[in-house]
1. Residues in the stretch B:59-70: is at least one touching a strand residue (DSSP E or B) at 6+ places or on another chain (Cβ under 9 Å), surrounded by fewer than 24 Cβ atoms within 10 Å (Cβ to Cβ), without any contact (Cβ under 8 Å) to a residue 40 or more places away in the chain and within 11 Å of another protein chain (Cβ to nearest Cβ)?
2. Looking at the structure I just gave you, is residue B:140 in contact (Cβ under 8 Å) with a residue 24 or more places away in the chain, of a type in the set (Val, Ile, Thr) and crowded, with 16+ Cβ neighbours inside 10 Å?
3. Are there any pairs, at least 6 apart or on different chains, whose C-beta atoms fall under 7 Å, with the first in the stretch A:148-177 and within 14 Å of another protein chain (Cβ to nearest Cβ) and closer than 27 Å to residue A:118 by Cβ and the second in a loop (DSSP other than H, G, I, E, B) and among the hydroxyl-bearing types (Ser, Thr, Tyr), and if so, which?
4. Residue under question is residue A:107, and the condition is that it be more than 28 Å from residue B:222 (Cα to Cα), at the interface with another protein chain (Cβ under 7 Å from one of its Cβ atoms) and at pLDDT 95 or above; does it hold?
5. All but one of (1) within 30 Å of residue B:70 (Cα to Cα); (2) more than 24 Å from the chain's Cα centre (by Cα); (3) of a type outside the set (A, V, I, L, M, F, W, C) hold for residue B:237; state the number of the condition that does not hold.
6. Checking the condition surrounded by 21 or more Cβ atoms within 10 Å (Cβ to Cβ) and more than 15 Å from the chain's Cα centre (by Cα), which residue from B:112, B:92, B:101 passes?
7. Which residue, of A:149, A:175, is crowded, with 18+ Cβ neighbours inside 10 Å, small (Gly, Ala, Ser) and out of contact with any helix residue (DSSP H, G or I) (no Cβ under 7 Å at 6 or more places or on another chain)?
8. What is the residue count in the stretch A:127-147 for residues that are in a strand (DSSP E or B), over 19 Å from the mean Cα position of the chain (by Cα) and either more than 7 Å from chain B (Cβ to nearest Cβ) or touching a residue at least 40 places away in the same chain (Cβ under 8 Å) (or both)?
Amino acid sequence: MSDVLLFLETAHGEAGATLKKPAAEVATAGRALADALGGRLVALITGDVPADGILGLHGVDHVLTVSGDGYGRHMLAPQAAALEAAVASVRPRAVLLAASVLGKELGAYVAGRLGWSLMSDVISVALDGDRLTATKPKYAGKALARLAAAGPAIVSLRPNAVPPAENARDATSEALVVAASDARVRLREVVAAGEKKLELTEADTIVSGGRGLGAPENWGLITDLAHALGAAHGASRAVVDAGWRPHAEQVGQTGKTVSPKLYIACGISGAIQHLAGMSSSKVIVAVNKDAEAPIFKVADYGIVGDVHDVLPLLTAAAGTFLTS
Amino acid sequence: MKIIVCIKRVVDTETRVKIGADGASIDLGGVQYITAPYDEMAVEKAIQLRDEAGEGNVTVVTVGPAAATKELRTALAMGADEAVHATTENRLGPQATALALKAAIDGRDYDLILCGKQATDEDDAAVGPMLAAALELPCVAFVHGLTVEGGKAIVEREIDGETEILEVDLPAVLTAQKGLAEPRYPGLKGIMAAKKKPLATAEAAGGDDPTVLESLALPPARGAMVTIEPTADGMRSLLESLRNDKKVL
């Protein structure tokens, strides 16, 4: 019980399967934990294995693959059966996975099935003596909890919390056979919403807009800046409740909690429930015409000005700066 | 259509968090309480499904302190039919909560269990899937669309900008994402009717959670803000600083 098992998610595009962005972060955290435990780092990949391979990347010693239909999407039952089979084979001290939609659901479900400790959506994990410990934001980040587990644990790691490190090594690989799982949930259809988007919680840069935009037809100011920066775009609750933007874009305590490297808040005053959802961002830039807006209390850079004037300037500057 | 909805009493999302004297909980002095927002969406959706089916009932269940009777009565005032209160004054971890919920609903007949995707205090997003594991039921978390037809639930959830449409055999556990339903405000008639609706109370089933919450602290304070002039030159200096000083571009 000193190995660490990773569940790594893959995405499927025209070029075949690729690891999702948080996989390297999860592997980096897993490597550090495996070293502390004196054990191996074993990665489970279900469905199509990325063609460029993950063997040896990010400190993985051994790869378990589970092939077959039904792993391409985010269906809980087959993924849970595969993870439980891998747990039975490896008998790890900890399972690490990304705190994604699937990762949170799968981690909780399998922890429930196994009676293991769950540490959900943590920003760090470590070994303290013979206990696993983790730091976990509560109240949408208004407080940080220290969690501890004496026994085995499943840990989901918040995207962007751990910088990924390269750590190539010789690794072995093995196919795992998993019995057919429960088929009480079946995929009917996948509806793509235009272009495939990066999950907001996994983006490096987010440009968010609020009421200060004035009207939904001004939203182009946000998407233009996001495009210039290669960023995802988000929205405040006020804008979502007003029907300007879809729920999936809402950042805040009743939306998504994000911690990108760079968060640019445009025309957002900074209601406490919005601040809770984004104040763990590494760097925060705020644009607001009200110098007293609460958003400036958490901002690293503040621009007091009207978004209608400032955003075109910033977009133009970003266009020339990032290509220079 | 018999539906069980699991709800939790939480501190209002507008609360300014202060750490309590024990260093492992928040200071509850003067805080307001609400039903966790996603749980409220689940209650609303359950009422709508029952009314569309034209038969059945909605039972709301909570594991929480005696004071959580208020949140159960609110759900009854919205239109739920009965309530079950498993009482405990202690903070329970997700595993212990799921097992206490299981004990509270064991022996009841249901077609569907709805939970909020997460309570806005613990933020684990775990109790729904853990309850499904305990009851050996299928589970889909983070559902923003739900219809029921012929003993099956058709659910929608969004992942990476795509919507997956799934067919789920009932009974099942589903957790509510924003967009599932817009909670109604209870009317006076509903509030009066709620007082006469059945509310069963029993002590929550015990059990330790394998995860211990050792301490709670405020996040580190952020540094002083740099003011940038709203000019083209200001924008250029901002971008340079983001790249050279902060290394985020």
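1. no
2. Working: in contact (Cβ under 8 Å) with a residue 24 or more places away in the chain: yes; of a type in the set (Val, Ile, Thr): yes; crowded, with 16+ Cβ neighbours inside 10 Å: yes.
Considered against the rule, which asks whether it is in contact (Cβ under 8 Å) with a residue 24 or more places away in the chain, of a type in the set (Val, Ile, Thr) and crowded, with 16+ Cβ neighbours inside 10 Å, residue B:140 comes out as yes.
3. A:149/B:211; A:158/A:259; A:160/A:259; A:161/A:259
4. Working: more than 28 Å from residue B:222 (Cα to Cα): yes; at the interface with another protein chain (Cβ under 7 Å from one of its Cβ atoms): no; at pLDDT 95 or above: yes.
No: the conditions fail for residue A:107.
5. Here residue B:237 meets the rest and fails (1).
6. Result of the check over B:112, B:92, B:101: B:112.
7. On the way: A:175 fails: crowded, with 18+ Cβ neighbours inside 10 Å.
Answer to the selection: A:149.
8. The total comes to 5.
The values are calculated or read from the model by the stated rules, or taken from the named source; none is laboratory data. The structure displayed is predicted, hence computed values, not measured ones. Neighbour counts run over all protein chains shown; Cβ positions are idealised from the backbone, glycine included.
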